[in-house]
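What follows is a set of notes on a single structure, which appears directly below.
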Amino acid sequence: MALLSSVTRRTLTLGLNSTMLLPLSRSLQTFSLPDLPYDYGALEPAISGEIMQLHHQKHHQTYITNYNKALEQLHEAIQKGDSSTVVKLQSAIKFNGGGHVNHSIFWKNLAPIREGGGEPPKASLGWAIDTHFGSLESLIQKMNAEGAALQGSGWVWLGVNKELKKLVIETTPNQDPLVTKGPHLVPLLGIDVWEHAYYLQYKNVRPDYLKNIWKVINWKYASEVYEKECA
Amino acid sequence: MAATTSMVTSLTFTIPSLGLRLPTRSYPCLKPQRRFVRKAASNVITATYELKAPPYPLNALEPHMSRETLEYHWGKHHRTYVENLNKQVVGTDLEGLSLEDIIIVTYNKGDILPAFNNAAQAWNHDFFWESMKPGGGGKPSGDLLDLIERDFGSFERFIEEFKAAAATQFGSGWAWLAYKANRLDVENAVNPWPSEKDKELVIVKSPNAVNPLVWDYFPLLTIDVWEHAYYLDFQNRRPDYISVFMEKLVSWETVNTRLEKAKARAAEREMEEERRRKEEEEGKPTNEEEDDDLEMYVDNDNDDSEAE
């Protein structure tokens, strides 16, 4: 009885994001699929509605489902003091948690053209890009080259090193988040180059996907993040 | 370790037949398969690797694997690996080597060199097309089935494990059934415990372009789990693709043939090592422990082999 009421108290104090689960899971937070701020077809013809729907409803959802599962198993293992299971679960958490983190950013990185998708960055981010890369075109060229050359599955990122206040281009393999390339790196823009992100439309021609996606890149979001880190 | 290379553009190694030196160990199966093509514009001979067609028409695996998938997967992806490999190899020390040799050399013990991805993917895809056939699936028989049952408990358990490996290879990669003839003879060590347990079937999964050749296993079967292999037909449903592959596409005859070759090569290697070990012993200076052995070997005209 006392246990139950303490569980309830703890869960309530965690705030709006908590979900009340069975007492066994106590204060474990579960994650759910964020809504897209636009329709599946709104990014056409750069990215097809078919791809957006599969990407969001199947791939991202699966990462979330498996992430939640791994977290629950981790929670149990921690409670039992089962260190070898705790360690064993790290790769599942990295894959699936990373998948959730990365895709959540990705949906915000995109916007329909009529809502500003493709509009070049202005203000401080625009200036930083010109300073660091010479021009927006040069940045795009570099990112596309890195994205095209990535072997297998992964992401290409425009990030900012919040310590040095410097822009960086990085790639990460599989679902590794940008922070795995440097603890001070904050993602501004990520482009998913897993084949599922473009195959139904572009097939093996990843460079065409990379060329076209810039038409729907949401620089407003990237600017917001940049200003927050470098204000 | 001799000649472990960090050079990007040229490697120094020797292969006996070509007057090139290999890093560390020797490869028993070294037969450089050179296909020579005389360039039209010059008198220079260049070696090229060819895109081999699958052993069946591109629509022959329907409805389990669509013609469209084969057109892109073989006609674009596989073709691009081969073309890019040729561009990477021409004019370098890799030119003229067999595909397998390039793979081993450029794997470079994990510190992979630029040509590895294209070379390994060219090989992997050849191997993959040949692992399938129209009207495939079903169950293996004979030696292969016996070994599967011995090493996995049952055919069903094997299927379960293989499917799990293929489903859990995160990102791009491959799942494999391979024959492992476990020898510890990297450098000059010899496996001190040769036994039947060494020669066993294993299931392994590998990322991106990596394949079991780099671990000195004999690959027997593979499934490509890069998304391009199944996305047109199955989208995100990789487990469905894997099931269809096992039930309808696997060519067990091919797997069986490969197993026979693997066992034969493993036996050859064993004899090679036996022979080499004996030669080394002969060459050693005699000491009291070795005297008896040496004498026995030398006085071999006796039929009785009595130990002192």
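Derivation of every value follows stated rules applied to the coordinates shown; laboratory data play no part. No experiment lies behind these values; they were computed from the predicted model shown. Because the Cβ atoms are built from the backbone with ideal geometry, glycine has one as well, and the counts that use them run over all protein chains shown.
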Inset, instruction - Starting from 0 in steps of 10 Å, tell me what percent of the Cα-Cα pairs of the stretch A:35-103 lands in each bin. - result: 21, 37, 23, 13, 6, 0
Inset, instruction - Under 11 Å from the Cβ of B:TYR230, count the other residues' Cβ atoms, weight Lys and Arg +1, Asp and Glu -1, and hand me the total. - result: -3
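Based on the Kirkwood radius over alpha-carbon pairs, what value in µm²/s does the Stokes-Einstein equation return for the translational diffusion coefficient of chain A at 10 °C and 1.306 mPa s? Working shown, then result.
Numbers: Rh = 19.2 Å.
D = 83 µm²/s.
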Legend entry - For A:196-208, mean number of other protein chain Cβ atoms within 10 Å: 3
Legend entry - Local electrostatic count at B:GLU149 - Lys and Arg +1, Asp and Glu -1, tallied over other residues with Cβ under 12 Å: -1
Legend entry - Cβ-based exposure ranking for B:ASP111, B:ASP216, in which fewest neighbours within 10 Å come first: B:ASP111, B:ASP216
Legend entry - Residue-averaged 222 nm ellipticity for chain A, from DSSP H runs of 4+ at -39500 (n - 2.57), nearest 500: -15000 deg cm²/dmol
Inset, instruction - Go ahead and run the numbers for FRET between B:ASP240 and A:SER83, Cβ-Cβ distance against an R0 of 30 Å, rounding to 0.05. - result: 0.25
Inset, instruction - Please arrange A:SER104, B:SER131, A:SER83 by counting, for each residue, the other beta carbons lying within 10 Å of its beta carbon, fewest first. - result: A:SER83, A:SER104, B:SER131
Legend entry - Exercise: per-residue mean of other protein chain Cβ atoms within 10 Å, A:169-178: 1
Inset, instruction - Bin width 10 Å, alpha-carbon pairs only: give the P(r) of the stretch B:65-262 as whole percents, running from 0 to the bin holding the largest distance. - result: 8, 34, 35, 19, 4, 0
Legend entry - Peptide-level mean, for B:207-219, of C-beta atoms on other protein chains within 10 Å: 1
Legend entry - Residues of type lysines that B:LYS261 reaches as a straight line, Cα spacing below 23 Å, ignoring anything fewer than 8 places off in the same chain: B:LYS31, B:LYS52, B:LYS133, B:LYS139, B:LYS180, B:LYS197, B:LYS199, B:LYS205
Inset, instruction - Would you mind getting me the FRET efficiency between A:HIS184 and A:GLU224? Use the beta-carbon distance for r and R0 = 22 Å, nearest 0.05. - result: 0.75
Inset, instruction - Name the residues whose placed amide hydrogens come within less than 5 Å of the amide hydrogen of A:ILE47, ignoring near sequence neighbours (fewer than 5 apart) on the same chain. - result: none
Inset, instruction - Take the alpha-carbon centre of the stretch A:148-176, take the same for the stretch A:31-84, and report the distance between them in whole Å. - result: 20
Legend entry - Burial ordering of A:HIS132, A:HIS75, A:HIS100, fewest other beta-carbon atoms within 10 Å first: A:HIS132, A:HIS75, A:HIS100
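Please compute the Kirkwood hydrodynamic radius of the stretch B:93-185 from all pairs of different C-alpha atoms, in Å with one decimal.
Here the Kirkwood hydrodynamic radius works out to 16.0 Å.
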Inset, instruction - Enumerate the calculated ³J(HN,Hα) couplings along the stretch B:102-115 in order (Karplus 6.51 cos²θ - 1.76 cosθ + 1.60, θ = phi - 60°), each rounded to whole Hz, writing x wherever the residue is Gly or Pro. - result: 4, 4, 4, 5, 7, 5, 6, 6, x, 8, 5, 9, x, 6
Legend entry - chain A, relative contact order in percent, only Cα pairs under 8 angstrom and at least six apart counted: 21
